[in-house]
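K.L.:
Have a look at the structure that comes next, please.
The values are calculated or read from the model by the stated rules, or taken from the named source; none is laboratory data. Bear in mind that the values here come from a model prediction, so they are computed numbers and not experimental data. Neighbour counts are summed over all protein chains in view; Cβ atoms, including those assigned to glycine, are modelled from backbone coordinates with ideal geometry. Only protein heavy atoms, including side chains, enter the accessible area calculation; ligands, DNA and RNA are left aside. Shrake-Rupley method; radii C 1.70, N 1.55, O 1.52, S 1.80 Å.
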Amino acid sequence: IFLLGIILLPIRALLVALIILLAWPFAAISTVCCPEKLTHPITGWRRKITQTALKFLGHAMFFSMGFTVAVEGKIASPLEAPVFVAAPHSTFFDGIACVVAGLPSMVSRSENAQVPLIGRLLRAVQPVLVSRVDPDSRKNTINEIIKRATSEGKWPQILVFPEGTCTNRSCLITFKPGAFIPGVPVQPILLRYPNKLDTVTWTWQGYTFIQLCVLTFCQPFTKVEVEFMPVQVPSDEEKSDPVLFANRVRNLMAEALGIPVTDHTYEDCRLMISAGQLTLPMEAGLVEFTKISRKLKLDWDGVRKHLDEYASIASSSKGGRIGIEEFAEYLKLPVSDVLRQLFALFDRNRDGSIDFREYVIGLAVLCNPANTEEIIQVAFKLFDVDEDGYITEEEFSTILQASLGVPDLDVSGLFKEIAQGDSISYEEFKRFALKHPEYAKIFTTYLDLQTCHVFSLPKEVQTTPSITSNKVSPEKHEESASAKKDD
């Protein structure tokens, strides 16, 4: 690196800068008087001249960087395959696929179009611009892709990196369905970098943009293979289900690459960054977000909020996982059989600890369904023994002692967390229950125990559900407080 850095680095940097300066006038001619977001394709002599010039200069630029490109397969025409899908996406150098494919339009972040010089070159390939901060951007991007893909060759072909973020090429993450929604044939493009020293991978952890450029420019040459696979035509079922089409194409590409697939997505990378900011191991944020959010009907904000809660429990734990002790300390309750049972419901793989994925699934599947208004009312009545509309610390302690099977339970810390004063009102109890769904199972355990007790008695001794202990049913019944306390 030291030797070639002195010789190759300045020469290649100058050549790249020169080629960009030469390409800029052609890009400017192509995009003059055109809005940033195009409504009509660039046609005529401007498209023909600029495409030819920019394609030549693109090849020259990657050659000057030291890339030797091996191309396999046949490039499909716009009518054969309006959409290219390239994977794995691991670096900004993947732009070489765009040059080899004849400068198709790319799906790119709108911020990239604002970069001096580079932004003008990007606009010359008539990109589909995406804004990750605009809530309507996803819908507008899909509509734009559909319009172009079904234009029968009026617009250039579209090149999409369906993974949506850079990975280290060890697997293919979930393909976003945008490129597959139009229901048109797509041509997969495989990207390989068969070099002993990897100087191109650009992910969330690792080298920066400048460091990668320096390392790559210092290599005598960098090999890259671009393979155009056979065109994939969607079936009728896949036309109506783009996720099915995307999964089939991903599996074909992974098989050709000899690597596995995984259900992680760009949103997992965002959660990784958030986990790091909360002093958790970054891998704690890997929850297969798209997969579990689709199955459990969760949104991004909800999962990000759960990450904050998880961090408050696991921050003191080595490795960022929750054990039974941290779980009990967070709930301000002792380790008991009931608490172990609740912990086991979260601990899906039975390894004695809860990771963030298990925590999210546990809250969504086990706790949230029990946190309805009716159940909160039932739980409050369960604690409010004298029916005065308030729960005292003594009432609170009595029920939790019975629920957890711990006769000498100290609940002062938990009581103070809920109560504003010497007692707990219904609104305070409801607010706490909604904010801490982990307690839902504990609050209703006593009710379950009483129900089992009643129905295990002989028929002539059983009471009706309307007079089960502590009047926990939502209906109001006439019964003295003293009789209720005896029950």
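K.L.:
I'd like the full set of residues that are open to solvent by 90 Å² or more (accessible area, probe 1.4 Å), in contact with a strand residue (DSSP E or B) (Cβ under 7 Å, 6 or more places away or on another chain) and over 26 Å from Gln114 (Cβ atoms), limited to region 32-68.
P.N.:
None - no residue of region 32-68 is open to solvent by 90 Å² or more (accessible area, probe 1.4 Å), in contact with a strand residue (DSSP E or B) (Cβ under 7 Å, 6 or more places away or on another chain) and over 26 Å from Gln114 (Cβ atoms), so the list stays empty.
K.L.:
Considering region 364-398 alone, what residues qualify as being aliphatic (A, V, I, L, M) and either open to solvent by 10 Å² or more (accessible area, probe 1.4 Å) or at pLDDT below 80 (or both)?
P.N.:
Ala364, Val365, Leu366, Ala370, Ile375, Ile376, Val378, Ala379, Leu382, Val385
K.L.:
Based on what the data block shows, is Cys166 under 24 Å from Glu72 (Cα atoms), open to solvent by 20 Å² or more (accessible area, probe 1.4 Å), touching a His at 6+ places or on another chain (Cβ under 8 Å) and of a type outside the set (Phe, Trp, Tyr)?
P.N.:
Yes, satisfied.
K.L.:
If I filter region 248-262 down to residues being closer than 14 Å to Pro177 by Cβ and of a type in the set (D, E, K, R), which single residue comes out as surrounded by the fewest Cβ atoms within 10 Å (Cβ to Cβ)?
P.N.:
Filtering first and then ranking leaves Arg248.
K.L.:
Which residues, counting only those in region 83-94, are open to solvent by 20 Å² or more (accessible area, probe 1.4 Å) and either among the aromatic types (Phe, Trp, Tyr) or in contact with a helix residue (DSSP H, G or I) (Cβ under 9 Å, 6 or more places away or on another chain) (or both)?
P.N.:
If the condition is that a residue be open to solvent by 20 Å² or more (accessible area, probe 1.4 Å) and either among the aromatic types (Phe, Trp, Tyr) or in contact with a helix residue (DSSP H, G or I) (Cβ under 9 Å, 6 or more places away or on another chain) (or both), then Phe92 is the only one that fits.
K.L.:
Suppose we filter Thr265, Thr279 for residues that are free of Cβ contacts under 8 Å to residues at least 60 places away in the same chain, polar (S, T, N, Q) and either open to solvent by 30 Å² or more (accessible area, probe 1.4 Å) or in contact with a Lys or Arg (Cβ under 8 Å, 6 or more places away or on another chain) (or both); which single one remains?
P.N.:
After applying the criteria, what remains is Thr279.
K.L.:
Follow-up question, since we're still on this one. Looking only at region 422-431, decide whether some residue is at pLDDT 80 or above and either part of a loop (DSSP other than H, G, I, E, B) or in contact with a Pro (Cβ under 6 Å, 6 or more places away or on another chain) (or both).
P.N.:
Scanning region 422-431 turns up at least one residue that is at pLDDT 80 or above and either part of a loop (DSSP other than H, G, I, E, B) or in contact with a Pro (Cβ under 6 Å, 6 or more places away or on another chain) (or both).
K.L.:
If you check Phe228, Phe245, which single one turns out to be over 16 Å from Phe175 (Cα atoms), touching a residue at least 60 places away in the same chain (Cβ under 8 Å) and open to solvent by less than 30 Å² (accessible area, probe 1.4 Å)?
P.N.:
None of the others qualify; the one that does is Phe228.
K.L.:
Of the residues that sit in region 204-214 and are open to solvent by 20 Å² or more (accessible area, probe 1.4 Å) and among the aliphatic types (A, V, I, L, M), which one is farthest from the chain's Cα centre (by Cα)?
P.N.:
Val214
K.L.:
On to the next question. Considering region 115-151 alone, what residues qualify as being at pLDDT below 85, open to solvent by 20 Å² or more (accessible area, probe 1.4 Å) and not in a helix (DSSP H, G or I)?
P.N.:
Matches in region 115-151: Val115, Pro116, Leu117, Val130, Ser131, Arg132, Val133, Asp134, Pro135, Asp136.
K.L.:
What about Gly164, is it part of a helix (DSSP H, G or I) and not basic (Lys, Arg)?
P.N.:
Considered against the rule, which asks whether it is part of a helix (DSSP H, G or I) and not basic (Lys, Arg), Gly164 comes out as no.
K.L.:
Further, regarding this structure: Of the residues that sit in region 176-189 and are open to solvent by 10 Å² or more (accessible area, probe 1.4 Å) and in contact with an Asp or Glu (Cβ under 8 Å, 6 or more places away or on another chain), which one is nearest to Leu79 (Cα to Cα)?
P.N.:
The qualifying residue nearest to Leu79 (Cα to Cα) is Pro185.
K.L.:
Let me ask another. What is the one condition in (1) touching a strand residue (DSSP E or B) at 6+ places or on another chain (Cβ under 9 Å); (2) modelled with pLDDT under 85; (3) within 30 Å of Cys166 (Cβ to Cβ); (4) not small (Gly, Ala, Ser) that Glu358 does not satisfy?
P.N.:
(2)
K.L.:
Starting from region 337-362, keep only residues that are assigned to a strand (DSSP E or B), then list their pairs with residues that are open to solvent by 20 Å² or more (accessible area, probe 1.4 Å) and among the acidic types (Asp, Glu) whose Cβ atoms are within a distance under 9 Å, requiring at least 6 positions of separation or different chains.
P.N.:
Cβ pairs passing all conditions: Ile354/Glu326.
K.L.:
Give region 323-333 a look and list any residue that's surrounded by fewer than 16 Cβ atoms within 10 Å (Cβ to Cβ) and not in a helix (DSSP H, G or I), or say none.
P.N.:
The answer is Lys332, and nothing else.
K.L.:
Take the residues of region 399-421 that are open to solvent by 50 Å² or more (accessible area, probe 1.4 Å) and part of a loop (DSSP other than H, G, I, E, B): which is modelled with the highest pLDDT?
P.N.:
Across region 399-421, the extreme among qualifying residues is Gln420.
K.L.:
What pairs can you find where one residue is in region 178-200 and without any contact (Cβ under 8 Å) to a residue 40 or more places away in the chain and under 29 Å from Arg138 (Cα atoms), the other is open to solvent by 10 Å² or more (accessible area, probe 1.4 Å) and not in a helix (DSSP H, G or I), and their Cβ atoms are less than 7 Å apart, with a gap of 6+ or different chains?
P.N.:
Going by the 7 Å Cβ cut-off, there are no qualifying pairs.
K.L.:
Are any of the residues in region 172-188 more than 24 Å from the chain's Cα centre (by Cα), of a type outside the set (A, V, I, L, M), modelled with pLDDT of 90 or more and in a loop (DSSP other than H, G, I, E, B)?
P.N.:
Yes, the conditions are met somewhere in region 172-188.
K.L.:
Ok, one more. Taking the condition modelled with pLDDT under 95 and touching a His at 6+ places or on another chain (Cβ under 9 Å), does Phe221 pass?
P.N.:
Considered against the rule, which asks whether it is modelled with pLDDT under 95 and touching a His at 6+ places or on another chain (Cβ under 9 Å), Phe221 comes out as no.
K.L.:
Let me ask another. Where in region 238-301 are there helices (runs of 4 or more DSSP H), lying wholly inside it, with at least 3 residues that are at pLDDT 85 or above?
P.N.:
By residue number, 242-257, 266-277.
K.L.:
Also, I was wondering about something else. Return yes or no: is Val71 open to solvent by 60 Å² or more (accessible area, probe 1.4 Å) and in contact with a strand residue (DSSP E or B) (Cβ under 8 Å, 6 or more places away or on another chain)?
P.N.:
The answer is yes for Val71.
K.L.:
I'd like to know if region 215-222 contains one or more residues that are loosely packed, with under 14 Cβ neighbours inside 10 Å, of a type outside the set (Val, Ile, Thr) and touching a residue at least 24 places away in the same chain (Cβ under 8 Å).
P.N.:
Among the residues of region 215-222, at least one is loosely packed, with under 14 Cβ neighbours inside 10 Å, of a type outside the set (Val, Ile, Thr) and touching a residue at least 24 places away in the same chain (Cβ under 8 Å), which makes the answer yes.
K.L.:
Continuing with this model, one more query. Testing Val233 on (1) surrounded by fewer than 19 Cβ atoms within 10 Å (Cβ to Cβ); (2) modelled with pLDDT of 95 or more; (3) under 30 Å from Leu4 (Cα atoms), one condition comes back false. Which one is that?
P.N.:
(3)
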